[in-house]
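Down below is the structure, laid out as structure tokens.
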Amino acid sequence: MFLTPKERVKEYTDKGWWGDLVVDDLLQRNREAKPDQMALVDPSNRDTFDGCKPRRLTWAELGEEVDRMAATFLENGLVKDDIITYQLPNTIETVIVALAAARIGLIISPVVMPYRKHELDYILGIVEPKAIVTVATFAKHDHAKMALELDWHGKEPKVFVLGGNAPEGTIDTDKAVIDADPEKAVAYRAENPIDPAEVFTIFWTSGTEARPKGVPRDHNLWIVNAKMVTELADLREGETLLNPFPLVNIASLGMVMPWLWRCGTMVLHHPFDLSVFLNQIVEERVNYTIAAPAILASILKSDELLKTIDLSSVRAIGSGSAPLAPWTIEGFANKFGIEICNLYDS
């Protein structure tokens, strides 16, 4: 799917702003260059919110699982330019789903976990996805059942369920992935090249003023995002990033892209819990993370907690969505030597 006019693509490419890379190119480079390096780490408290043991994957392991997920999508009839929606917690599998889509040219249009039928029916009516990827239940809500009951506009619902307990009428993705042939993804990618100007994401605005609006972004824009955040935060090769945001918006994929760009380690976090967040920084020796201004202010005010936390590994923290108070920036610089990077204005 191309949305940017060809003249603009040529202009930006000629100026060197855009290039020939797509998101999958970064994953393939990393799995080949650093196969044994740790790539992806689950939330340390994962067993408390979905009952699954936290996992850790190297770049080689991640690449293999992405190929298997991509092959599973292909074996169930999805093809390049199809749109898929996912409603998943911030775990390793969510990153795999997004990268598997990038692997074979699918377009992702994810939604946050609290959305219910009212919001999802509206979104499905706009983007008309070919499938939705979700979990059976989460926080006592039956997501798989809800997905089957959405308004699919006369189409047969295609619901991929992760984490087991897939109900009748859905695809047990965990089982399907085990049997999938990863070489199918490799061959499909070779036979179906992806243009950097093709759309990769359709993310949804918060809807604070009206209905949420779907905003498409192509691979070119995400590669630029990777370079921008890397330069702003001075991210270095192989560094560890802590991503506390669900993989449904610019801020979160704005962590995924520099992670891919710098072949680092990305630690996931869900749901937001300040003590868990700070402990992950210590345990994983995190170099960079992101947090809203209110969270940063809360950290600075938690004197007793900070006495027990070692933030010496952190060089920078990205922030945005609201104005940053000067005392917050100065406080982190003076107390911890941490630079606060204002990524997005209010």
| query | Tell me, in nm to one decimal, what length is gained between Lys140 and Val186 on full extension, where the rule is 0.36 nm per residue of separation less the Cα-Cα distance? | reply | 12.8 nm
| field | For the chain, calculated [θ]222 nm from helices alone, where every DSSP H run of n ≥ 4 adds -39500 (n - 2.57) | value | -12500 deg cm²/dmol
| query | Long-range amide H contacts for Leu106: which residues qualify at under 5 Å (H placed 1.01 Å from N, peptide plane, sequence gap of 5 or more or a different chain)? | reply | Asp81
| message | Running a GNM on the chain with Cα contacts under 10 Å, which residue among Gly19, Gly154, Gly169 ends up with the highest mean-square fluctuation? | response | Gly154
| query | Given the options Thr72, Thr58, Thr240, which has the most mean-square fluctuation in a GNM of the chain, springs set between C-alpha atoms less than 10 angstrom apart? | reply | Thr58
| Which far-off residues, 5 or more places away or on another chain, put their amide H under 5 Å from the one on Phe200, with H placed in the peptide plane? | Arg217, Asp218, His219
| task | Using a Förster distance of 22 angstrom, determine the FRET efficiency expected from the C-beta separation of Lys117 and Ser206, and round it to 0.05. | result | 0.70
| Using Cα atoms only, what is the angle between the long axis of helix 219-232 and the major principal axis of the chain, expressed in degrees (0 to 90) to the nearest 10? | 10 degrees
| note | In Å², rounded to a whole number, the accessible area per residue of the range 269-335 with probe 1.4 Å is 46 Å²
| said: What is the angle, in °, between the Cα long axis of helix 326-336 and the longest principal axis of the Cα atoms in the chain? Nearest 10 is fine, range 0 to 90. | reply: 80 degrees
| said: Within 15 Å, Cβ to Cβ, of Asn165, how many net charges do the neighbouring residues add up to if Lys/Arg are +1 and Asp/Glu are -1? | reply: -3
| message | Helix 59-75 against the longest principal axis of the chain: what's the angle in degrees, Cα atoms only, rounded to the nearest 10? | response | 30 degrees
| task | Find the Cα radius of gyration of the chain, compare it with 2.2 N^0.38 Å by division, and give the number to two decimals. | result | 0.98
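On the accessible surface of the range 272-346, probed at 1.4 Å, how many percent belong to carbon and sulfur atoms? Please list the in-between numbers first.
Details: 1950 of 3670 Å².
Result for the range 272-346: 53 percent of the exposed heavy-atom area is carbon or sulfur.
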| field | Length added when fully stretched, Phe272-Lys307, from 0.36 nm per residue minus Cα-Cα | value | 10.5 nm
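Normalised radius of gyration for the range 179-220, please: alpha carbon Rg relative to 2.2 N^0.38 Å, two decimal places. Let's see the in-between values first.
Values: Rg = 16.1 Å, N = 42, 2.2 N^0.38 = 9.1 Å.
For the range 179-220, the normalised Cα radius of gyration is 1.76.
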| field | Long-range HN-HN contacts of Glu339 with modeled amide H, under 5 Å | value | Ala316, Ile317
| request: Would you kindly state how much longer the chain becomes between Asp14 and Ser44 on full extension, computed as 0.36 nm times their sequence separation minus their alpha carbon distance, in nm to one decimal? | output: 6.3 nm
| Beta bridge orientation in the chain: antiparallel %, DSSP, nearest 5 | 30 percent
| field | Inter-probe distance in nm under a simple model that places probes 7 Å from Cα toward Cβ, at Glu283 and Lys155 | value | 4.0 nm
| said: Below 8 Å, C-alpha to C-alpha, sequence gap of six or more: please give me the relative contact order for the chain in percent. | reply: 17 percent
| field | Surface per residue (accessible, 1.4 Å probe) for the range 33-141, Å² | value | 34 Å²
| said: I want to make sure I understand the PRE zone here: with the label point 7 angstrom from the Cα of Val215 toward its beta carbon, which residues in the range 299-330 have backbone N atoms less than 14 Å away? | reply: 320-322
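The values are calculated or read from the model by the stated rules, or taken from the named source; none is laboratory data. As the structure is a computational prediction, the values presented were derived from the model and not from experiment. Glycine gets a Cβ as well: all are built from the backbone with ideal geometry, and neighbour counts include every protein chain shown. All accessible areas refer to the heavy atoms of the entire protein, side chains included, with ligands and DNA or RNA removed. Shrake-Rupley method; radii C 1.70, N 1.55, O 1.52, S 1.80 Å.
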